[in-house]
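Heads up: the structure comes next, in structure tokens.
The values are calculated or read from the model by the stated rules, or taken from the named source; none is laboratory data. These figures come from a predicted structure and were not determined experimentally. Cβ coordinates were reconstructed from backbone atoms using ideal geometry, including for glycine residues, and neighbour counts include every protein chain displayed. Note: accessible area is taken over every heavy atom of the protein model, side chains too, but ligands, DNA and RNA are not part of it. Shrake-Rupley method; radii C 1.70, N 1.55, O 1.52, S 1.80 Å.
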Amino acid sequence: LTPQDIQQQGHEMLLFAHMLKNNTRNFYSLPGGGRKGIEFEIEMAAVCAGSSGKVSKKPVFTEGLCIISPLTQRQGFVEELWTCGEYNIPAYVESDAIAGGTTPITIAGCAVEINANILAAVALAQMKNPGAPCIYSSSAGILDMKTLDLGGNAPESTLLHMASAQLAHHYGLPYYGANTPDSKLPDAQMGYEAMQHFMGLAMAGCNIIHVSIGN
């Protein structure tokens with residue numbers, strides 16, 4: 001959820017503060033502001049944990065870091081990735097590719113681009129901070145050639161996530177992924193799309209089903 005009824009600059013810090021006060025488990029966070037944003041979050045978490053060292057020892061949040069497809073590692077992303085490793089904060093290293101849009105149109109071609117992008121980021125994280133906790137992540141889909149929308153719950157998108165889960169496990173990494181239903185209403189279409197998509201992910205051994213399961 002990204003609220004639009006508040007000032008957008010710095011809204012990640014407001015969200016983080018609310019989640020910190022209302023969660024008892026590790027939660028998903030967006031950094032907002034590169035290294036400084038992550039350090040602000042650690043400072044807030046330290047108030048609850050007792051110190052920043054205790055936050056690093058037992059992180060109460062995981063950062064969502066999105067890679068730009070195709071094969072782009074922006075400076076801000078690398079900065080956030082290295083900061084997470086420095087403080088031992090787990091990072092969802094996420095590629096949101098679109099088959100037929102930002103990658104080759106085939107499932108195999110898109111999976112290859114996702115894999116290369118994520119492995120490059122994980123390698124960067126490990127070179128800077130060996131042992132940095134990284135989670136292989138994607139929220140990819142296919143391009144609807146008629147509307148130019150993302151087909152997030154198309155059968156091909158489910159197969160793409162299943163392939164990514166297999167690749168992640170091949171490298172010994174946990175996998176985090178899924179997409180929101182394509183329905184515009186909370187109706188029967190949304191129900192069956194979510195069912196087939198999440199069932200496919202569960203059967204493929206997805207370790208963490210994406211935050212979008214709540215939609």
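A few comments on the model shown:
- Net charge dipole size for segment 41-87 [Lys, Arg +1 and Asp, Glu -1 on Cβ; Debye, nearest 20]: 200
- Cross-link reach list, lysines versus LYS58, counting only Cα pairs under 23 Å and skipping chain neighbours closer than eight places: LYS21, LYS36, LYS128
- Full extension of the chain between ALA17 and THR106 gives 27.9 nm of extra length, using 0.36 nm per residue less the Cα-Cα distance.
- Accessible carbon and sulfur surface of segment 165-215 relative to its total accessible area, %, 1.4 Å: 64
- Extension reserve of the TYR28-TYR192 stretch, reckoned as 0.36 nm per residue once the Cα distance is removed: 56.5 nm
- Seen against the Cα atoms of the chain and their longest principal axis, helix 75-86 is set at about 60 degrees.
- Length gained on full extension, LYS54 to THR2, computed as 0.36 nm times the residue gap minus the Cα-Cα distance: 15.9 nm.
- Principal semi-axes in Å for the chain [√(5λ), Cα gyration tensor, largest first]: 29, 20, 16
- All lysines inside 29 Å of LYS184 as judged from Cα atoms, apart from same-chain residues fewer than 8 positions distant: LYS146
- Solvent exposure of the chain amounts to 51 Å² per residue of accessible area, where only protein heavy atoms count and the probe is 1.4 Å.
- C-alpha long axis of helix 11-22 to longest principal axis of the chain, angle in °: 80
- Based on C-alpha pairs under 8 angstrom that are at least 6 apart in sequence, segment 76-198 has a relative contact order of 24 percent.
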